[in-house]
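The values are calculated or read from the model by the stated rules, or taken from the named source; none is laboratory data. In this text, all values refer to a predicted model and were calculated from it rather than measured experimentally. Here the Cβ positions follow ideal geometry from the backbone for every residue, glycine too, while neighbour counts run over all protein chains shown.
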Amino acid sequence: MTDQNTSLSPLDLETPEKPFLDANELVINMGPQHPATHGVLRVILRLDGEKVMGLECVIGYLHRGVEKIGENRTYTMFNPYVDRMDYVAAVSNGLGYCETVEKLLGVEAPPRAQYIRVILTELNRMASHQLWLGTHALDIGAITPLFYTFRDREEILKIFEKYCGARLTTHAFRIGGLQYEAYEGFEKDVRNFVSFVAPKIDEYEELLTTNRIWLERTKGVGIISGKDCIALGVTGPVLRASGVKWDLRKAQPYANYKNFDFDIPIGQCGDTYDRYLVRMAEFRQSLRIIQQAVDGIPEGPIMAKVPKVIKPPVGEVYHSIEAPKGELGYFIVSDGSTQPYRLRVRPPSFVNLQALDQMCRGQLVADVIAVIGTLDIVLGEVDR
Amino acid sequence: MHQFVQYVLSYLSSDKTPGSAGNMFWAFVYILLIFTGLSIAVIAMNWLERKILAHMQVRLGPMRVGPHGLLQPIADALKLLLKEDIMPAEADGFVFWIAPLLVVLSAFTVFIVVPFGPTHAVTDMNIGVLFMLGVSSLSVLGIVMAGWASNSHYPLIGALRSSAQMVSYEVAMGLAVVSVILMTSLNATGTGTLSMIGIVQAQQSQGIWFIFKFFPLGLIGFFIFAVAMVAETNRAPFDLPEAESELTAGFHTEYSGFRWSLFFLAEYSAMIAVSSIAVTLWLGGWLRPFPNFLSGSVADLVFSLFPGITFLFLAGMCFYSTARMPKHPYFRIQTLGLAGFGVVLGLIGLLLFVAPVRERVQDIYWFSAKVAAFMYLYIWYRGTFPRYRFDQLMKVGWKVLLPMSLGVLILTAGAGMLFSMGK
């Protein structure tokens with residue numbers, strides 16, 4: 001446990017007042033094997049009674065050296081590896097990587113490929129949010145939503161499986177477009193899914209949105225201001241719930257997103273409940289995008305002209321997309337060979353996790369669980 | 001020998017509980033019956049909770065061990081008995097050892113005064129309610145001991161939470177109980193009773209369940225008790241002491257195998273115990289619906305047929321499921337087992353139609369049916385509600401339930417005075 005004064009945080013965090021006269025601090029180690037730390041996150045909590053005086057995250061239990069692997073694989077070979085970072089939103093990772101390399105090569109995927117990419121990515125955003133909702137509610141003690149979300153997430157995974165044969169680590173996209181043409185009945189499946197899942201989202205909301213206990217557990221818990229979010233580099237729904245209207249799909253449109261009509265839901269006070277509402281609204285926006293994309297899907301080729309052996313010109317590129325959890329960026333330095341000279345990933349979970357201390361100070365132990373859930377971290381992405 | 005037979009038989013014509021009649025033999029028999037019955041009830045609860053919760057959550061629950069997972073609790077119990085018995089090296093051995101025993105002891109002891117019928121209780125104490133509340137709150141001692149003796153952080157926090165929670169909710173619970181005690185005194189002599197059997201008899205003589213007495217006062221008192229009893233037994237949405245997502249397993253984190261199963265047993269029997277208090281105090285205990293309104297021999301006969309009909313219905317369910325079992329030979333044993341279970345249930349149902357059995361069993365049936373409704377509520381809560389945070393839990397206990405129960409107590413006293421002045 002490091003000294004509390006040597007905080008690496010850009011914010012000056014105050015130690016909350018102690019409620020008791022001579023209460024002793026209790027240091028508790030939460031994780032890496034703990035039911036509510038979403039994988040192998042280890043949190044060292046300093047408690048005064050039930051009040052959190054400060055905490056420290058210990059990460060790296062799932063470190064596989066993805067960035068270093070990237071330097072030793074060709075551009076094509078590295079593509080499946082990115083699926084293993086945020087394994088609940090593998091399609092988004094693939095989209096980010098493929099677009100980055102395309103940007104480096106100076107090619108663009110054909111429109112049909114881009115539409116299919118958007119459909120799959122938005123489906124994946126919904127799957128990721130469903131997993132978040134289930135586990136977040138489970139952490140707060142509501143066990144039933146988990147099974148409801150898993151039931152509906154299954155339908156998304158079925159579409160993935162039919163499209164590319166894999167359910168989780170899909171490797172759905174290729175540099176320059178797609179390898180597989182959409183299977184027969186793809187559009188029908190997606191349309192069916194849209195009409196199937198819309199009432200289900202109402203069902204989740206019915207269970208939680210106006211539930212008194214849910215409101216008490218999430219309102220005013222883990223508040224973070226928009227300013228602090230920006231200072232910490234927090235992105236995604238967490239940033240938007242704090243009232244900052246920043247969505248890369250609108251701010252720096254990529255992959256055809258400028259052709260679609262959708263809103264960016266934002267929250268007001270940046271508490272756990274607002275983050276919940278923002279993600280619930282994002283479900284509906286994703287459905288809108290999917291509906292438009294499947295209606296306007298053009299005919300044509302699905303692969304741009306990309307050489308068999310990818311040798312990008314010397315240079316560097318940074319490209320980022322709006323993954324379900326926030327800004328997912330790839331920075332690639334090319335030395336003109338078949339392998340990247342340096343590949344750096346900016347994972348949203350890793351950056352968002354830095355806000356945990358800020359959000360939990362002065363709250364109770366139970367709130368730490370709620371906040372870890374609401375940050376929606378995936379340890380595969382935090383540790384890479 | 002002859003004397004002994006006389007001694008045994010002499011009780012059968014008695015209209016008192018064995019304890020009150022001073023008959024040790026029958027008291028012992030009742031203790032054994034309650035012990036086995038309670039163990040079976042806990043096993044059944046285990047299966048039912050998993051099944052009902054599963055069906056609420058779009059899944060099937062246990063299906064593999066026995067037909068529809070009927071043998072799953074037995075398999076689990078066997079597994080727990082055979083598991084390695086782990087005691088942490090730093091634990092305080094003696095306290096660690098005695099804590100689960102204390103919890104189980106207090107959970108089972110309260111059943112001495114639970115009245116399954118006017119004669120179906122081990123004994124009838126004149127301080128029955130106090131005894132139940134007192135002994136059932138002893139279990140908090142065992143929980144604190146378990147948390148302390150484990151010498152580990154999570155159990156300690158769980159134990160502290162648990163003790164604070166149980167102590168806080170006991171206050172509101174006790175005040176709600178007092179309002180019922182006041183209601184029992186609304187008779188000719190003006191003396192109330194604390195005896196569990198006496199409370200039910202008071203409801204019978206006043207011709208109303210206390211939940212409907214002085215509407216809505218009785219209902220509010222019942223509501224307070226119903227909330228407090230969930231908190232008292234550490235169940236969802238007040239399951240903070242064992243909040244899985246926060247404290248892994250709370251006070252029994254370090255326990256495993258048989259010791260852990262004792263905590264499990266105690267939790268479920270405590271649930272049944274507090275539900276029996278609620279049933280006795282507010283829902284007319286063993287009384288069948290409308291004992292005064294629909295009296296007469298025909299109504300008596302009709303209502304006494306209910307236990308048999310229930311068992312025949314369950315048997316019918318078994319046969320229906322048997323017909324729906326897959327026809328594959330792999331399932332033959334399971335199908336036969338389910339049919340056999342149905343036959344057993346049906347035979348019990350037929351036995352319950354025999355006149356002397358019918359007369360003696362129907363009290364127990366109505367009591368158990370009311371308790372079972374509470375058990376279902378427990379499961380339903382668990383499937384529906386998120387968990388309260390610790391400070392919110394305290395807020396609900398002290399700032400909402402306590403003032404409410406004080407208000408109900410004062411208003412009940414006032415209403416009772418007006419009532420007796422009116423006479």
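Below, the figures for the structure above:
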quantity	calculated
Those residues of segment A:79-99 which are part of a helix (DSSP H, G or I) and surrounded by 24 or more Cβ atoms within 10 Å (Cβ to Cβ), in sequence order	A:Val82, A:Ala90, A:Val91, A:Ser92, A:Asn93, A:Gly94, A:Leu95, A:Gly96, A:Tyr97, A:Cys98
Boolean, A:Val244 is β-branched (Val, Ile, Thr), crowded, with 19+ Cβ neighbours inside 10 Å and more than 14 Å from every other protein chain (Cβ to nearest Cβ)	yes
Flag for B:His68 being of a type outside the set (Phe, Trp, Tyr) and within 14 Å of chain A (Cβ to nearest Cβ)	no
Residue tally, condition among the hydrophobic types (A, V, I, L, M, F, W, C) and touching an Asp or Glu at 6+ places or on another chain (Cβ under 7 Å), over segment A:303-320	2
Meets criteria (within 18 Å of A:Gly373 (Cα to Cα), without any contact (Cβ under 8 Å) to a residue 60 or more places away in the chain and in a loop (DSSP other than H, G, I, E, B)) for A:Gly336	no
Meets criteria (at pLDDT 85 or above and in a loop (DSSP other than H, G, I, E, B)) for B:Leu262	no
In segment B:397-413, the residues that are β-branched (Val, Ile, Thr) and within 14 Å of chain A (Cβ to nearest Cβ)	B:Val400
Conditions (1) within 14 Å of chain B (Cβ to nearest Cβ); (2) without any contact (Cβ under 8 Å) to a residue 40 or more places away in the chain; number of the one not met by A:Gly222	(2)
Qualifying positions in segment B:345-396 - surrounded by 20 or more Cβ atoms within 10 Å (Cβ to Cβ), away from every other protein chain (no Cβ under 14 Å) and part of a loop (DSSP other than H, G, I, E, B)	B:Leu352
In segment A:114-156, the residues that are away from chain B (no Cβ under 14 Å) and more than 19 Å from the chain's Cα centre (by Cα)	A:Gln114, A:Tyr115, A:Ile116
Condition check for B:Glu254: part of a helix (DSSP H, G or I), away from chain A (no Cβ under 14 Å), charged (D, E, K, R) and touching a residue at least 12 places away in the same chain (Cβ under 8 Å)	no
Residue check, B:Ile309 at pLDDT 85 or above, touching a helix residue (DSSP H, G or I) at 6+ places or on another chain (Cβ under 8 Å) and more than 30 Å from B:Leu393 (Cα to Cα)	yes
Selected residue (only one of B:Tyr7, B:Tyr30 is under 20 Å from the mean Cα position of the chain (by Cα), part of a helix (DSSP H, G or I) and not aliphatic (A, V, I, L, M))	B:Tyr30
